[in-house]
Amino acid sequence: MSSNATVPATPDSGAPVNGEEARRYATFHVAGLFFGIDVLKVQEVLQYQEMTQVPLAPEVVQGLINLRGQIVTALDMRRRLGLPDRGPSESPMNIVVRTDDGAVSLLVDEIGNVVDCPGDAYEQPPENMPVAQRTLIDGVYKLEGKLLLILNTRMALDAGPAQ
């Protein structure tokens, strides 16, 4: 590729660009909200794993898990999204996501199915949505009876506060 070639910007989530057709998303629930991540970014889903706390870590970092010898950071999506913590009797599930820097686990309330979303059901997040939330959501699919929020994994994996 020549140095002056332009590469079109695409959402981190794998959301459709320029009228593309259907996309596949691994889905999950957090505090009653329905989210999706491009299925190709998901390494695996797991039941709750014991964690080791990390002193002085940002609030969103729940701890570290040992995934078959690989140390993986676990981020609590409730905290990342500014939602109330789970009850003491509720154990989260793990969605392990592949990144350029290695695997990261997202702690979610419930794992959903893999869904195929038609390109014509996709919309950008509303412009009047607060910036902190809009940076975490690449788009929305209008599915029958519900909305699927497409998570911007790059932004969600940032352990700092939402911008």
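The values are calculated or read from the model by the stated rules, or taken from the named source; none is laboratory data. Note that the structure is a prediction, hence the values are computed from the model and not measured. Note that we place each Cβ from the backbone using ideal geometry, even for glycine, and neighbour counts take in every protein chain shown.
Table for the structure above
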item	result
Residues satisfying the stated conditions in region 104-158, i.e. within 14 Å of MET77 (Cα to Cα) and of a type in the set (Lys, Arg)	ARG154
For GLY82: the one exception among (1) surrounded by 16 or more Cβ atoms within 10 Å (Cβ to Cβ); (2) outside any strand (DSSP E or B)	(1)
The lone exception for VAL114 - which of (1) closer than 30 Å to GLY69 by Cα; (2) out of contact with any Pro (no Cβ under 7 Å at 6 or more places or on another chain); (3) of a type in the set (Val, Ile, Thr); (4) surrounded by 13 or more Cβ atoms within 10 Å (Cβ to Cβ) it fails	(4)
Failed condition for ARG98, given (1) within 27 Å of PRO58 (Cα to Cα); (2) of a type outside the set (Val, Ile, Thr); (3) surrounded by 15 or more Cβ atoms within 10 Å (Cβ to Cβ); (4) under 13 Å from the mean Cα position of the chain (by Cα)	(3)
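Table: residues versus (1) surrounded by 12 or more Cβ atoms within 10 Å (Cβ to Cβ); (2) among the aromatic types (Phe, Trp, Tyr); (3) within 17 Å of LEU46 (Cα to Cα); (4) modelled with pLDDT of 90 or more.
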position	(1), (2), (3), (4)
GLN70	no, no, yes, yes
VAL108	yes, no, yes, yes
GLY119	yes, no, no, no
ALA132	yes, no, no, no
ASP158	yes, no, no, no
